[in-house]
Amino acid sequence: MKLKITVLPGDGVGPEVIEQALRVLKAVEELYDHKFEFDEKPVGGAAIRQAGSPLPVATLDACLQSDAVLLGAVGSPEYDALAPNERPEAGLLNLRRALGGYANLRPAISYRPIMDCSPLRANVIEGADILIVRELLGGLYFGEPRRFLRDAEDGASAFNTMRYCAEEIERVARVAFVEARRRRRKVTSVDKANVLETSQLWREVVTRVSKDYADITLDHLYVDACAMHMMMNPRKFDVVLTENLFGDILSDEAAAITGSLGMLASASIGGAVDLYEPVHGSAPDIAGRGLANPLGAITSAAMLLRHTACLEQEAQDIEEAILTVLEAGHRTQDLDRGSSGHSIVTTSEMGSLVADALAEIADRRFAYHAV
């Protein structure tokens, strides 16, 4: 398998976690006899410093010419005074729009070895495995018109537009139903149809699309009820399908199931080029200190192999390697709860441990097939 990957380390802890994701991808390249070409480019605050733009033309061109994009994180307080369209985050939004990935996949898994890291009881989260499918290019984040108004006499006001068309809803719904076929064959569609016209359309379209997937069970929940049930009984969920804003909030809430935002990965698929990134932000307060958890970035790399390269076995082996390392008691600082029997490791050490575990898994697999 040959694969061209544009690498965007970004800001804050982004370069640190991406370095470990690349370490694991290079191990896959060597162990499984693939050829990956990596092309590193700046984005976000790093790109502002180098090129005066959060998304330079050269970066975007490289992304559009690749098979996949692997991103670290963007954002830095030093750019907060810039106009919104000049900030690092604007580069990410523009990149998403240019790549066209309209379906954002965010898994939230309860790993048995770190269940004590969750604020939820172990008997609540044990066995929880949720895939949130978030529509990524519509809704409040992209709807027009939008404006911030300042009036000397009446004070300030602002407005955003939540807008969806049936086509946007249908295409992301189909992604959710296809993903459910790979899992436990259940989709929960989340909306606010008792209040919002966009949600009424959402529910109508999702219900219509579900008729093409008779093998998948569909139910509907209001977003406030979903937020409650996700904390009280996360095992009831398989695939959660929802719009942009609700998906953003619910997927961050799901970090309570895993125990840390650092564990969460994501894939943005459906467009010209797929984009993979950990869910956590740039965390500038811990950047350069070896404290960042790279497992979200490493899992994002596994998702890249699964969804872009169709290398399902390699993706599963990375996920098994992560579980192996956690079972051995290794944790990064964000997973430290002061309990005994655990070793706290740096960002780099965690990446090395996963790569080593992957090598052992690959050796066993190849030895078995050789018999």
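Numbers for the structure displayed
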| item | result |
| --- | --- |
| Residue with peak Gaussian network fluctuation, the chain [Cα springs, cutoff 10 Å], from Ser157, Ser339, Ser352 | Ser157 |
| Positive-end residue of Leu218, Gln333, Val7, charge dipole of the chain with Cβ unit charges | Leu218 |
| Candidates Asp154, Asp317, Asp219: whichever shows maximal mean-square fluctuation once the chain is modelled as a Gaussian network with Cα springs under 10 Å | Asp154 |
| Test item: Cα-centred dipole of region 96-255, Lys/Arg +1 and Asp/Glu -1 on Cβ, debye | 660 |
| Qualifying trypsin sites (Lys or Arg not before Pro) for region 92-132 [loop in DSSP, other Cβ within 10 Å: at most 15] | Arg121 |
| Listed residue (Pro145, Ser157, Ser352) projecting farthest to the positive dipole end of the chain, Cβ model | Pro145 |
| Loop trypsin sites (Lys or Arg not before Pro), region 262-349 (other Cβ atoms within 10 Å of the site Cβ: 15 or fewer; DSSP) | Arg289, Arg337 |
| Sulfur and carbon atoms: percent of accessible area, the chain [1.4 Å] | 51 |
| Total lysine pairs whose alpha carbons fall under 15 Å of each other in the chain (8 or more apart, or interchain) | 8 |
| Solvent exposure of the chain as accessible area per residue, Å², 1.4 Å probe | 43 |
| Backbone HN-Hα couplings from phi across region 262-277 [Karplus 6.51/-1.76/1.60, Hz, Gly and Pro as x] | x, 8, 8, 10, 7, 9, 10, 10, x, x, 5, 9, 7, 10, 10, 7 |
| For region 251-258, 3J(HN,Hα) per residue [Karplus equation, 6.51 cos²θ - 1.76 cosθ + 1.60, θ = phi - 60°, Hz, x = Gly/Pro] | 5, 6, 4, 5, 4, 5, 6, 7 |
| Hz values of 3J(HN,Hα) by residue in region 231-237 - Karplus curve (6.51, -1.76, 1.60), Gly and Pro given as x | 8, 8, 8, x, 5, 6, 9 |
| Interchain or long-range residues, amide H under 5 Å from Gly72's placed H | Leu8, Gly10 |
| Cα-derived Rg over Rh, computed across region 125-219 with Rh taken as Kirkwood radius | 1.13 |
| Sites matching GluC sites (Glu not before Pro) across region 78-164 that sit in DSSP coil, with at most 15 neighbouring C-beta atoms within 10 Å | Glu126, Glu153 |
| Region 236-292, dipole about Cα centre (Lys/Arg Cβ +1, Asp/Glu Cβ -1), debye to the nearest 20 | 200 |
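The values are calculated or read from the model by the stated rules, or taken from the named source; none is laboratory data. Everything quoted here is computed from the prediction, not taken from an experiment. Note that each Cβ is placed from the backbone with ideal geometry, even for glycine, and that neighbours are counted across all protein chains shown. Accessible surface is based on the protein model in full, side chains and every heavy atom, while ligands, DNA and RNA are left aside. Shrake-Rupley method; radii C 1.70, N 1.55, O 1.52, S 1.80 Å.
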